[in-house]
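Chemist: First the structure, then my questions, so here it is.
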Amino acid sequence: MKSIFNTLDILLGHLAAGIMTFLLYLSLGSITVFCLVAIPFEFLEESNSISELDAMELGLFILLAGVIWRFYRRSSQLQWSWWQKLRRFVYAVSSMVLLISFIELVAVWGEVMDKGRLEIEFFNSYEEVGNYVSSLLIILAIYASAPLPKLWSKKSAAEKADEQSVRPSENVSESISSPFVPEAQGQPEVITPSSVSIEVKTIPTTAPVEGKL
């Protein structure tokens, strides 16, 4: 009975995790799509065509297209899969949109606490500046999220092992260069004249004793 409840709990846990993951990706993806579509419409709201945009708005369009192209080019150079590209891009844009929304909510809350009411002039005064700043922050988030190769590539363990195997050790070089190596290291002992000491001992001799005849 205990194993049945354990199996049922595992199945329900995987089902709940799958549903929450799907809802998370769906919500973040919707925020990203809505943000990317809303940026052009915010600038085209008072204009009938792209030719009527000013230099700053046109520059933001070019920057947005440039950072998106750079993101996918960098990720393609590192051979990322389409899911890795999409997930990184969605996380970057949606995180910045949520941060901007939080800042705007704090600004509205401060206006209400200061004046006790919320007037339409507050939104009109910050609408144009807010659009430019939010667009720049989203462009910066896409630019910063592009994957980049490492500046200093660390050598792997296999490469270090190859270098050590190719490079002779100090013991081997010493054994090759020195002709005087003891037998303990596997080389025959070389005897030189300087290493042989000869000890000469004097033997006392007794002189013959002459007897009387």
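The values are calculated or read from the model by the stated rules, or taken from the named source; none is laboratory data. The shown structure was predicted, so the numbers you read here are calculated from the model rather than taken from an experiment. Note: ideal-geometry Cβ built from the backbone for every residue, glycine included; neighbour counts use all protein chains shown.
Chemist: Of V108, V129, V67, which residue is closer than 20 Å to T32 by Cα and among the β-branched types (V, I, T)? Walk me through it before giving the result.
Modeler: Values: V108 fails: closer than 20 Å to T32 by Cα; V129 fails: closer than 20 Å to T32 by Cα.
Selected residue: V67, the only one of V108, V129, V67 that is closer than 20 Å to T32 by Cα and among the β-branched types (V, I, T).
Chemist: Pairs only if they're at least six apart or on different chains, beta carbon under 6 angstrom, first in the range 25-41 and under 15 Å from R87 (Cβ atoms), second β-branched (V, I, T); list them, first residue then second.
Modeler: Filtered contacts from the range 25-41: L28/V90; G29/V90; I31/V97; T32/V90; T32/V93.
Matching residues to (1) touching a helix residue (DSSP H, G or I) at 6+ places or on another chain (Cβ under 9 Å); (2) modelled with pLDDT of 85 or more; (3) under 21 Å from L140 (Cα atoms):
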{"residue": "A38", "(1), (2), (3)": "no, no, yes"}
{"residue": "S47", "(1), (2), (3)": "yes, no, no"}
{"residue": "L60", "(1), (2), (3)": "yes, no, yes"}
{"residue": "R73", "(1), (2), (3)": "no, yes, yes"}
{"residue": "V90", "(1), (2), (3)": "yes, yes, yes"}
{"residue": "I100", "(1), (2), (3)": "yes, yes, yes"}
{"residue": "V108", "(1), (2), (3)": "yes, no, no"}
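Chemist: Something else now. Which residue pairs have Cβ atoms under 9 Å apart, sit 6 or more places apart or on different chains, and have a first residue in the range 58-86 that is in contact (Cβ under 8 Å) with a residue 60 or more places away in the chain and closer than 25 Å to V133 by Cα and a second that is among the basic types (K, R) and outside any helix (DSSP H, G or I)?
Modeler: The qualifying pairs do not exist here.
Chemist: On the basis of being under 19 Å from the mean Cα position of the chain (by Cα) and surrounded by fewer than 12 Cβ atoms within 10 Å (Cβ to Cβ), does S81 make the cut?
Modeler: Details: under 19 Å from the mean Cα position of the chain (by Cα): yes; surrounded by fewer than 12 Cβ atoms within 10 Å (Cβ to Cβ): yes.
Yes: the conditions hold for S81.
Chemist: Output yes when any residue across the range 119-137 is exposed (fewer than 12 other Cβ atoms within 10 Å of the Cβ) and either touching a Cys at 6+ places or on another chain (Cβ under 7 Å) or not in a helix (DSSP H, G or I) (or both), and no when none is.
Modeler: yes
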